[in-house]
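J.: The structure under discussion is supplied below as structure tokens; questions concerning it will follow.
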Amino acid sequence: MKRQRGSKLTGGQRFMVGALFAAALFLVEAGIAEILLANHAQCEAMVSNMRLRFGLQEVCTPKWAVFMLGAISRGIIGLILPGASAFVAWLTMGGIYALAGGGCGQMSPRWGVVIYLAGHIALVALLAGLGYISQFIA
């Protein structure tokens, strides 16, 4: 006879736990990314007033990192609607990530976390790459 440890969560409870963890992770990441983007904007403003022999890339955050931080912070909304406010992007992307986290919460905890993080990393990489390429296309 197999002995159960603790109480098991129902499907709806697992969805809620996964959704809340995913939304919390996204909001923490987005907040840190916005702080780093603000630091980059301050650095660019300060360096643009100086006459230096080298460009902004050597002093401030590299361009690829700026696009990666934008992809983390604003997600798909930042790519589709670049003028949208951070609040709108955070609400929308928080909901999208919460749904994905809730779906992954239905799996075993180990696989759910691995699949969610792999999907999140792949989405951020894709959006950062598309954002970087879009500066050459548009």
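The values are calculated or read from the model by the stated rules, or taken from the named source; none is laboratory data. Owing to the predicted nature of the structure, the values given are computational and were not obtained by experimental measurement. Backbone-built Cβ (ideal geometry, glycine too); neighbour counts: all protein chains shown.
J.: Which of the residues that make up region 123-138 are over 18 Å from PHE26 (Cβ atoms) and either β-branched (Val, Ile, Thr) or at pLDDT below 90 (or both)?
T.: Residues satisfying the conditions are TYR132, ILE133, SER134, GLN135, PHE136, ILE137, ALA138.
J.: Could you pull out the residue among ILE77, ILE115, ILE121 that is of a type outside the set (Lys, Arg), part of a helix (DSSP H, G or I) and surrounded by fewer than 13 Cβ atoms within 10 Å (Cβ to Cβ)? Quick ask: steps written out before the conclusion?
T.: Details: ILE77 fails: surrounded by fewer than 13 Cβ atoms within 10 Å (Cβ to Cβ); ILE115 fails: surrounded by fewer than 13 Cβ atoms within 10 Å (Cβ to Cβ).
The conditions single out ILE121.
J.: When you go through MET68, MET93 one by one, which is the residue that is surrounded by 12 or more Cβ atoms within 10 Å (Cβ to Cβ) and within 30 Å of GLY11 (Cβ to Cβ)?
T.: The match here is MET93.
J.: Let me ask another. All but one of (1) surrounded by 15 or more Cβ atoms within 10 Å (Cβ to Cβ); (2) outside any loop (DSSP other than H, G, I, E, B) hold for THR61; state the number of the condition that does not hold.
T.: Evaluating THR61 over (1) surrounded by 15 or more Cβ atoms within 10 Å (Cβ to Cβ); (2) outside any loop (DSSP other than H, G, I, E, B) leaves (2) as the failure.
J.: Within region 108-122, count every residue that is more than 17 Å from ALA24 (Cα to Cα) and touching a residue at least 12 places away in the same chain (Cβ under 8 Å).
T.: Selection size over region 108-122: 0.
J.: Which condition from (1) more than 22 Å from ARG14 (Cα to Cα); (2) of a type in the set (A, V, I, L, M, F, W, C); (3) part of a loop (DSSP other than H, G, I, E, B) is the one that MET107 breaks?
T.: Status for MET107: all satisfied but (1).
J.: Related question: Which one of GLY94, GLY131, GLY75, GLY105 is under 15 Å from the mean Cα position of the chain (by Cα), closer than 17 Å to MET16 by Cα and touching a residue at least 40 places away in the same chain (Cβ under 8 Å)?
T.: On the way: GLY131 fails: closer than 17 Å to MET16 by Cα; GLY75 fails: closer than 17 Å to MET16 by Cα; GLY105 fails: under 15 Å from the mean Cα position of the chain (by Cα).
Of the residues listed, the single one that is under 15 Å from the mean Cα position of the chain (by Cα), closer than 17 Å to MET16 by Cα and touching a residue at least 40 places away in the same chain (Cβ under 8 Å) is GLY94.
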